[in-house]
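The values are calculated or read from the model by the stated rules, or taken from the named source; none is laboratory data. Since this is a predicted model, take the numbers as computed values, not measurements. For neighbour counting, all protein chains shown are included, and Cβ atoms are generated from backbone atoms with ideal geometry for every residue, glycine included.
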C-alpha cells in the first residue's frame, strides 16, 4: 500500500534515532507548514530535490535542510489551497518532482533503492508493518504517548469535494503530521501545528465505486505514530426529469417538453429512448436546455417509457410517463333537416375547431339507427341521406364525432322531419249539355317535382265514377253526360288520395248545364283627391272571373258615367256636378259582355264630406310666451294635410296656417298684456274632402312677484378659527339665476354682514369660532316688488377632524403565504396627508410600529410556521395628532391549509391486463405538483387495494385486473398532512369487451314483393372478420339465423300476402360472445299497397236486351291479378250485381229493362285488400231504340 512510503517518514524516523529529540525539536521550530501533493504547491524542482548522497557525517545538516525546504513547500501549499483553485488533474497524479524522476512523498526525487544501504537499512521491509509492530513495544520512561485516530466511511458523488475528517481520541493534539492516501496514492499532508485535521478532497478523476482511504499520523513530539482506514463510496449523480409538459402541435401531433436535470443543472449530450408498448418509438439526442420532442398523436392517453443509459458521471434513468394531453375542444352543429320522403337530402355538418381534423370518425344516427360512418377529415361538410325508407314523421337525428386521439368526442342531436310533399289539385268547372261528351281531367301539382304516383277518384254527386293512377301530374278520361243527369249544377268532387310521398288533396267542381249568371253590387262610395264621387262595384259569377263588359251609371234617369269591368270589379266616377252631401237615385246596368248575362242594380247614394273636430292646447310660460297648438281630426282617423286653420286672441286674428299631419302650432308673446282672462278661438276652414270645424278656449294671465330661492350648503364643516368661504346662488323655481342685484344680510354669531347677490351669485368669507360646536349662519334677501324675500340657514359645524381607517374587515390567506395589508387613513376630505403614528397588533402582540405617510400604509406580513391557528385578530391603531383624532380598525386574519386536487382518468381495461393507476397531486393555488411525499390510498369499490406515496407529485402504481364485473368505482385519496388538505379523485374502472355497431337502413317495399335485408357489422369502428352469430326478426318473429364472417349481412325474404300493416319492425341481433357484446339494431319495414285497375269496354244495346259485361283486373303493368275479388256493378246509379272476379276476370250477363234511348253510365268497383288499393272504372252503355 505504501509503495516506497514517501521516504520522508523513514527519514524522520532515522533522524530521530540518530540525533535525538533536540535536533527534531529545532527542526520542528523552523518548520511551520503542512505538505500537499499538488503540483502547484511547489515553486521549483530545486526546493523538492534532495540528493541521495547522504552520509552519517552530514545527516544532521541534511535533515535541517530538508525540513526547511518542506516548510517552504508547506507554506506554498497552504496559500494555494486556501485561496486559489488547485489543478485537480495535477493532484490526481500525486507529487511531481524534477524531470525524469518519480513522484515521492515529501518531495523526494529518487527511489528508496537508489539511496545508500547504510542510510536505509532493511529498505525492502514494509514501513507500515514496522510502524505497526513498534506500537506494541512497552513504553519506557519519557516515551511518546499512544494515541488512536479514526475516519468515518464516506459517500459522495462523482467529482464532488468530500471532507475527510480525522478524529483523535485526545482533544489537545496540536503537533504531528497527517498523511492522506486514496487508493494507495498520497493526496495531501497536514501539519497539525497550524492546520486542522480535515482534508477537503476533490474526487475529480475518480470513477464511481468503492475507494480505499488510508490516513497516517506521524512526526509528533508527543504521540506515537498511528494510522486508520475507511471506505469512500463514489456514486454517479442522479438524474431526473422535471417541467414535463405536453401539448398538441399545429399538426395535431404531440409535443413533449421537459428538462433532464441533475443537481438542478441540465444534463448535456444525453441520448433518450422513448418506448410505447415495449417498442422503441424515438431516440433523441438532448442538448443542455429545455428539450422539445414530437411523437405521434396515437400516444395520447398512453403510458410511454423514457430511458437514459447514463454515463460515468450520471446515473441511468427509467421513467414511466402518462401522456395525457387535454383533447382539443370540438363542437358539432347540425341544423335540423326537413325533407321529403324518397328524396336525397344532405345533412350539413359544421365542425368548429381550432385546427384541422386528422383522425376520428363521423357517425350519423336516425332514431338510434346507425346509417352512416366514415373517417373524419377537415373536408367533410355534409352527409348524404336517402329518405326513400323514411315515412312522414319526425325522427331524432344525431351526429357523433368519436374515436379521436386529438379531439374530444362531440355530438349534436337535432331532428329529421320527413314530410310528404304538399299537393294541390286543379280541375275546372264543366258547363255542358246532356248526352254530350266531356273530358274529366284533374291535375295534381306540387312545388318539388312532377306528381307521378297516387290514386285519383272522381265523384259525381257523391257517386264514384272513375279511379286512376296519376302520371305526369294528370289524370283524364272521356265521360259522356248520362241521360239521367238533370239540368242545373252537379257537384264533381275529385279526390287525390296521395301516397307515402305526397299529401292528399281534393277539389269540388261543378258540372253545370247553364249559362253564366252575374251579380252586381256596390262595394262602397268614396271621394277622390279631386273631390269627385266614386262608386266602387263588384261583379260576381260562380267559379268565373268577370273581366269584360261595362257598367253604365244613370243618375235620376240620366246617363252620368260609364266604366269598364275588369277582374270582377268596376269604378264609376261621377262628374263634378254631383257633389257630396246630396242623395241621388242611381241605376247601374252591366251590359255588353260576350260571356255573362246582363244585370241591373238600383240604389240610392249620398256621399258626405268627412266630419272634423278641432281641439286647442295652450300654455302660457313664465316668460309670458303663449304656446298654442291645434289638432284637426277626421271621423275616419285619416291624416289631414289640407285646409287652413285661423287662430284668434280676443277676436283678433293672430295666425293663419295650413294643416300638416293634423296639426297647427304657433307662439305669441303676451309680455305686455295685463292680468286678465283671454279668449282663444280656432277655426278649421275645411277642404274638398273634409268639413269645417271650430273651437274656443280661455287663458288667464296673472302677474305676481316671483318667489326666489337661496341655494347653499346646508352644513359647512370646519375646524376652529378657520376662514370659511360661504357660497350661495339665487334662482327662480326653474333654477334660472336671478340676474338682478339683490341685497342680502348674513347674521352669524351676533354679527350682521350686509352684501348682495350679483348675477345670482354670492361668495363671503367668515371666520369660524375657536370653540367647537354648531353655529347658524342666516341669509335673508331684501323684499322687492319684483321678487319675494328669500331666507336660508347654513349650519357651521366646528369640530376636530375625525378619521377612519379603510381596510378589509377580514383577510383570508393560506398558511406560509405573505399577507399584504393595504390601508388608508382618511377624513371626510380624503386621505390625510399628515404623518401619523400607527401600531399593528396580532392577538394583542405588537408586530409593527411606524407611521402612515400621505394617508397610506402597505404592510407585508410574512406568515411563518408559528401561525398555526385558523384565525387571528389583527388590530390597526392610528394615533392622535394635533389636527386629527385617533382611530382604530379590527381585521380578522383567517388562515387556511393549502388545498390540493388530484388529476387522473378513468381506466379502460380488460380482465387479465395490468391496471395502471396514474395520477398527479397538485397544489390548488400554484397548480404545480406537490413535491412533498404524501401518503395515498387507492380503492376499488371502496376497498383499499394499494397504499403508496407520491413522488414529486406523481402517483403511479399497477395492480392485476382479475375483476369480472363491467364497472368498478376508483377512488384515489391523498392524506391530510400538516401542510396540505386531503383531496380525492373518483373515477371508474371499465372492463370492456369489443362493441358492435351495425350499419343498416330502413326498407321500403311493395306488398307481396321480395325484399333484401342488408347490413354491415363494425367491431370497434372497423369492419369485423370475426365469426358473428346473427338473428333477423320481423315484429319479434325470427325469420333467419346465420353466421357472418365477412362483416356483411345480405338476406332475401319474400313478403307474405297477409302483411296488412303499414309499418313493421326489423330487428338484427348479434350474439353475445367472449370477444364482443351483444347488440340489437332496429330498423323499419314500410309496406305500400299496389295499384290495380279495371279494364272494361263501352256497350251498345237495345232496351230489354241481354248484355254481356266483360272486364279484367290488372296491376299497373297490365298483368292480370290472379286472385278472387268481390266486385260491384252499377248501371245508371243502381247496383245490378255483386259478384266475384275469378282469377281477375269479370264475365256477367244482364237483361236490360225498358230504358229510354240515351247514354247510361256502367260502373264497376272493387274494394281494398291486404295487397291492393280499391279501384273504380266507368264505361258507357248506349241504349238505342
Just checking: which of the strands (runs of 3 or more DSSP E) contained wholly in the stretch 363-428 hold 2 or more residues that are within 30 Å of residue 443 (Cα to Cα)? 393-402, 410-419, 424-426
Taking the stretch 656-676, which residues are surrounded by fewer than 16 Cβ atoms within 10 Å (Cβ to Cβ), over 60 Å from the mean Cα position of the chain (by Cα) and either in contact (Cβ under 8 Å) with a residue 24 or more places away in the chain or not in a strand (DSSP E or B) (or both)? 666, 667, 669, 671, 672, 674, 675, 676
For residues in the stretch 608-648 being over 60 Å from the mean Cα position of the chain (by Cα) and on the phi > 0 side of the Ramachandran plot, which is surrounded by the fewest Cβ atoms within 10 Å (Cβ to Cβ)? 624
A careful count of residues in the stretch 1133-1146 that are in contact (Cβ under 8 Å) with a residue 24 or more places away in the chain and over 15 Å from residue 1123 (Cα atoms) gives 1
From the options 246, 189, residue that is within 30 Å of residue 953 (Cβ to Cβ) and either without any contact (Cβ under 8 Å) to a residue 12 or more places away in the chain or not in a loop (DSSP other than H, G, I, E, B) (or both): 246
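In this structure, does residue 834 turn out to be closer than 20 Å to residue 719 by Cβ and over 42 Å from the mean Cα position of the chain (by Cα)?
Details: closer than 20 Å to residue 719 by Cβ: yes; over 42 Å from the mean Cα position of the chain (by Cα): yes.
Judged against the criteria, residue 834 is a match.
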Being exposed (fewer than 15 other Cβ atoms within 10 Å of the Cβ), at pLDDT 90 or above and assigned to a loop (DSSP other than H, G, I, E, B) is the filter here, so list the residues in the stretch 798-828 that pass it. 808, 809
The one condition in (1) in a loop (DSSP other than H, G, I, E, B); (2) surrounded by 12 or more Cβ atoms within 10 Å (Cβ to Cβ) that residue 1069 fails to fulfil: (1)
Sole residue being surrounded by fewer than 20 Cβ atoms within 10 Å (Cβ to Cβ), out of contact with any strand residue (DSSP E or B) (no Cβ under 9 Å at 6 or more places or on another chain) and at pLDDT 90 or above, chosen from 160, 117, 172, 185: 185
Which residue out of 470, 481 is surrounded by 16 or more Cβ atoms within 10 Å (Cβ to Cβ), on the phi < 0 side of the Ramachandran plot and modelled with pLDDT of 90 or more? 470
Would it be correct to say that residue 686 is in a loop (DSSP other than H, G, I, E, B), more than 60 Å from the chain's Cα centre (by Cα) and at pLDDT 85 or above? yes
Selection within the stretch 969-992 - within 22 Å of residue 1020 (Cα to Cα) and buried (at least 16 other Cβ atoms within 10 Å of the Cβ): 989, 991
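Do you know which residues across the stretch 303-338 are closer than 29 Å to residue 384 by Cα and part of a loop (DSSP other than H, G, I, E, B)?
Residues satisfying the conditions are 327, 329, 330, 334, 335, 336.
Yes/no per residue for (1) outside the structural domain of residue 793 (by TED's automatic domain parsing); (2) part of a strand (DSSP E or B); (3) on the phi < 0 side of the Ramachandran plot; (4) surrounded by 14 or more Cβ atoms within 10 Å (Cβ to Cβ):
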{"residue": "710", "(1), (2), (3), (4)": "yes, yes, yes, yes"}
{"residue": "717", "(1), (2), (3), (4)": "yes, yes, yes, yes"}
{"residue": "739", "(1), (2), (3), (4)": "no, no, yes, no"}
{"residue": "754", "(1), (2), (3), (4)": "no, yes, yes, no"}
Among the listed residues 216, 302, 312, 224, which satisfies the condition of being outside the structural domain of residue 183 (by TED's automatic domain parsing) and within 30 Å of residue 200 (Cβ to Cβ)? 312
Residue under question is residue 512, and the condition is that it be in contact with a strand residue (DSSP E or B) (Cβ under 7 Å, 6 or more places away or on another chain), over 30 Å from residue 587 (Cα atoms) and modelled with pLDDT under 90; does it hold? yes
Condition first: in a loop (DSSP other than H, G, I, E, B) and in contact with a strand residue (DSSP E or B) (Cβ under 7 Å, 6 or more places away or on another chain). Now tell me which residues in the stretch 844-858 satisfy that. 854, 855
When you go through (1) more than 17 Å from residue 709 (Cα to Cα); (2) within 60 Å of the chain's Cα centre (by Cα); (3) in a strand (DSSP E or B); (4) touching a residue at least 40 places away in the same chain (Cβ under 8 Å) one by one for residue 795, which number turns out not to apply? (2)
Identify, please: which residue in the stretch 265-302 is at pLDDT 85 or above and not in a strand (DSSP E or B) and is, among those, surrounded by the fewest Cβ atoms within 10 Å (Cβ to Cβ)? 296
For a quick check of your reading: which strands (runs of 3 or more DSSP E) sit entirely within the stretch 913-1032 and have at least 1 residues that are modelled with pLDDT of 90 or more and closer than 30 Å to residue 1051 by Cα? 996-1000, 1003-1006, 1010-1019
Would you be able to tell me the number of residues in the stretch 503-547 that are more than 30 Å from residue 643 (Cβ to Cβ) and in a strand (DSSP E or B)? 18
Do we find a residue being under 29 Å from residue 993 (Cβ atoms), part of a loop (DSSP other than H, G, I, E, B), without any contact (Cβ under 8 Å) to a residue 60 or more places away in the chain and in contact with a strand residue (DSSP E or B) (Cβ under 7 Å, 6 or more places away or on another chain) anywhere in the stretch 1044-1066? yes
Extreme residue, farthest from residue 304 (Cα to Cα), among residues of the stretch 315-330 that are loosely packed, with under 14 Cβ neighbours inside 10 Å and in contact (Cβ under 8 Å) with a residue 24 or more places away in the chain: 329
Single match in 1155, 1162 (criterion: assigned to a loop (DSSP other than H, G, I, E, B), surrounded by 13 or more Cβ atoms within 10 Å (Cβ to Cβ), touching a strand residue (DSSP E or B) at 6+ places or on another chain (Cβ under 7 Å) and in contact (Cβ under 8 Å) with a residue 24 or more places away in the chain): 1155
